[in-house]
Amino acid sequence: MFSKVYSAALNGMDAYLVRVEADISEGMPQFLMVGYLSSEVREAGDRVRTALRNTGFVLPPKRIMVNLAPAGIRKAGSRFDLPVAAAILASLEKIPADSLKDVMLTGELSLSGQILPVTGILALAEAARDGGVRRCIVPEGNAAEGAVLDGLEVIGVSSLAQLIEVLRHPEDAVPVRVDTERLLREQSRAREEDFSEVNGQAMAKRAAEVAAAGMHNLLMIGPPGAGKTMIARRIGGILPPVTLEEALEMTKIYSVAGLLPEQTSLLAGRPFRAPHHTVTPEALAGGGRIPSPGEISLSSGGVLFLDEFPEFKRSALEILRQPLEERRVCISRTAGNYIFPAKCMLVAAMNPCACGYFPDRSRCVCTEQELGRYRGKISRPLLDRIDICTEVPGISYGDLTKKQENESSAAIRKRVETAHQMQQERYAGLPIYFNAYLNGNQTELYCPLGEKERKLLKNAFGKLNLSARAYYKIIKTARTIADLEQEDRILEQHLLEAIQYRLPGGTYWGRGV
């Protein structure tokens with residue numbers, strides 16, 4: 001007898017429906033699986049046979065054929081165990097064939113018949129919903145994750161016996177419900193690090209605020225111990241709250257990567273990733289035999305912090321150029337192309353020279369050649385993609401020990417949220433959340449300049465030898481500064497502050513980029 005059920009397979013961040021077809025007929029006893037399968041999918045036959053036997057169903061000595069279609073696309077992973085078992089049970093008439101209609105199943109089987117969680121459930125459920133499937137049956141440990149989507153019934157099962165009961169009596173199954181609005185409201189902002197702990201460094205804190213308000217890339221340059229890392233680790237506490245669309249995308253990334261924490265159905269807080277400078281280009285951008293998200297994608301929607309910026313491998317730094325520009329990572333393999341999101345805010349920190357004390361020649365021991373070699377580790381094209389560069393000078397003894405009440409992260413976050421609200425209203429209906437996401441045409445449309453402002457920017461363009469990219473980054477940064485001041489128009493003072501941020505470290509490079 002022939003039977004069919006839907007499952008789904010991953011291809012990078014995307015998923016597609018797979019038809020799992022089973023046919024049991026007379027002939028030489030054998031268990032065949034076809035359909036361009038990886039080794040772990042082929043092993044599903046042995047797992048399913050044993051799990052069925054331990055659940056009380058012994059396969060008859062007949063010819064069992066299982067096909068995973070479409071046959072032209074490779075299937076990998078252990079998520080096909082459950083649909084293969086269900087299709088075989090339907091062919092044996094142990095469950096009604098109609099109970100598999102418009103149903104998507106996924107899950108790994110243990111030999112005892114227990115159903116184990118799998119990765120990428122949110123992406124699989126999304127593909128099922130878009131393909132017209134009305135109900136998903138997934139491992140109990142993944143049910144809450146899949147249930148964050150609207151328009152889809154998600155039922156969690158913990159064993160093969162429970163699956164059979166659900167398929168025999170589908171009307172009694174209770175779908176899992178998740179209150180996404182409550183999860184977003186209750187997102188944790190409890191952080192030990194607070195900007196009130198940072199003495200001095202008013203300019204660097206202002207630059208961090210502007211960067212957070214528009215999700216602009218930020219580079220801080222200063223001597224050791226000036227507070228660069230301290231400021232960077234507090235930026236997460238002033239970022240605006242995530243929208244549901246952002247939360248779903250972040251959850252999808254972590255689920256595909258297998259990094260979604262247990263008992264977590266929705267990531268409602270912005271990520272903060274700080275890889276060590278020994279990170280490889282593949283770990284930063286993503287990759288592998290079957291590509292998975294890298295640090296750039298894992299920090300999407302939040303902060304990617306690169307401390308000791310010049311100490312990273314040149315190949316790793318240069319791989320940032322395309323993702324910072326296009327907000328995505330594209331990985332090509334012979335099996336196809338894989339696209340991962342890269343909507344992160346890059347925050348980098350570095351010393352002005354190898355010893356860390358340039359331009360203080362009373363302490364700096366670097367020669368001109370050493371200075372050039374150190375600065376040359378970061379290419380001009382990469383610097384051109386950084387919106388805001390600010391100096392973090394060494395802090396004085398007086399600022400360090402002075403008892404003062406610094407502005408808290410909560411106070412700064414309030415201004416950032418107000419600016420974000422203006423951006424949400426401005427870009428309503430567009431896949432844009434922040435000013436930094438605008439392209440050239442959108443910048444001209446949503447960030448118009450007056451006559452005086454255009455004249456100012458024209459003079460700066462010539463004197464600072466700006467690129468076209470830097471020109472638009474100045475306008476977008478000025479738009480964020482205006483949003484922080486709740487101004488509808490970009491004024492001269494907003495442009496002047498934005499232009500100031502194009503001077504990387506003052507005298508460290510000598511001229512703007």
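Here are the numbers for this structure:
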{"read-out": "Some residue of the range 488-502 being at positive phi and either surrounded by fewer than 17 Cβ atoms within 10 Å (Cβ to Cβ) or in contact (Cβ under 8 Å) with a residue 24 or more places away in the chain (or both)", "value": "no"}
{"read-out": "Residue ranges of helices (runs of 4 or more DSSP H) in the range 120-192 with at least 1 members in contact with a strand residue (DSSP E or B) (Cβ under 6 Å, 6 or more places away or on another chain)", "value": "121-130, 143-146, 160-168"}
{"read-out": "Matching residues, the range 77-97, being surrounded by 24 or more Cβ atoms within 10 Å (Cβ to Cβ) and either acidic (Asp, Glu) or not assigned by TED's automatic domain parsing to the domain that holds PHE31 (or both)", "value": "ASP81"}
{"read-out": "Among residues of the range 311-343, those that are of a type in the set (Ser, Thr, Tyr) and either within 18 Å of SER299 (Cα to Cα) or under 16 Å from the mean Cα position of the chain (by Cα) (or both), counted", "value": "1"}
{"read-out": "Condition broken by PRO448, with the remaining ones in (1) within 34 Å of the chain's Cα centre (by Cα); (2) within 22 Å of ILE499 (Cβ to Cβ); (3) in a helix (DSSP H, G or I) satisfied", "value": "(3)"}
{"read-out": "Enumeration of residues in the range 243-271 that are under 27 Å from ALA204 (Cβ atoms) and modelled with pLDDT of 90 or more", "value": "GLU246, ARG270, PRO271"}
{"read-out": "Meets criteria (modelled with pLDDT under 95, within 30 Å of SER292 (Cβ to Cβ) and not basic (Lys, Arg)) for PRO224", "value": "no"}
{"read-out": "Pair list, Cβ < 9 Å and 6+ apart or interchain, from the range 233-247 residues that are among the polar types (S, T, N, Q) to residues that are modelled with pLDDT of 90 or more and part of a helix (DSSP H, G or I)", "value": "THR243/GLN424"}
{"read-out": "Selected residue (criterion: surrounded by the most Cβ atoms within 10 Å (Cβ to Cβ)) from residues of the range 162-179 that are over 35 Å from the mean Cα position of the chain (by Cα) and touching a residue at least 60 places away in the same chain (Cβ under 8 Å)", "value": "LEU167"}
{"read-out": "Only one of VAL210, VAL242 that is in the same structural domain as VAL347 (by TED's automatic domain parsing) and either among the basic types (Lys, Arg) or part of a loop (DSSP other than H, G, I, E, B) (or both)", "value": "VAL242"}
{"read-out": "Restricting the range 408-434 to residues that are in a loop (DSSP other than H, G, I, E, B) and in contact with a helix residue (DSSP H, G or I) (Cβ under 6 Å, 6 or more places away or on another chain), the residue that is farthest from GLU209 (Cα to Cα)", "value": "PHE434"}
{"read-out": "Test for ARG361: is it within 15 Å of the chain's Cα centre (by Cα) and either under 24 Å from ARG502 (Cα atoms) or not polar (S, T, N, Q) (or both)", "value": "no"}
{"read-out": "Exclusive hit being closer than 30 Å to ARG49 by Cβ and either touching a helix residue (DSSP H, G or I) at 6+ places or on another chain (Cβ under 7 Å) or surrounded by fewer than 17 Cβ atoms within 10 Å (Cβ to Cβ) (or both), set SER159, SER110", "value": "SER110"}
{"read-out": "Pick from the range 373-407, criterion at pLDDT 85 or above and more than 29 Å from GLY214 (Cα to Cα), ranking: nearest to the chain's Cα centre (by Cα)", "value": "TYR374"}
{"read-out": "Test: residue in the range 252-273 that is of a type in the set (A, V, I, L, M), in the same structural domain as ALA478 (by TED's automatic domain parsing) and under 20 Å from VAL347 (Cα atoms)", "value": "no"}
{"read-out": "Hits in the range 453-470 - residues which are part of a helix (DSSP H, G or I) and over 10 Å from ILE499 (Cβ atoms)", "value": "GLU453, ARG454, LYS455, LYS458, GLY462, ALA468, ARG469"}
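So that you can scan it fast, the table gives a plain yes or no per residue for (1) surrounded by 22 or more Cβ atoms within 10 Å (Cβ to Cβ); (2) in contact (Cβ under 8 Å) with a residue 60 or more places away in the chain; (3) within 16 Å of LEU160 (Cβ to Cβ); (4) touching a Cys at 6+ places or on another chain (Cβ under 9 Å):
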| position | (1), (2), (3), (4) |
| --- | --- |
| MET1 | no, yes, no, no |
| GLU26 | no, no, no, no |
| PHE31 | no, no, no, no |
| VAL34 | no, no, no, no |
| SER39 | no, no, no, no |
| GLY45 | no, no, yes, no |
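The values are calculated or read from the model by the stated rules, or taken from the named source; none is laboratory data. Since we're looking at a predicted model, the values are computed, not measured. Neighbour counts run over all protein chains shown; Cβ positions are idealised from the backbone, glycine included.
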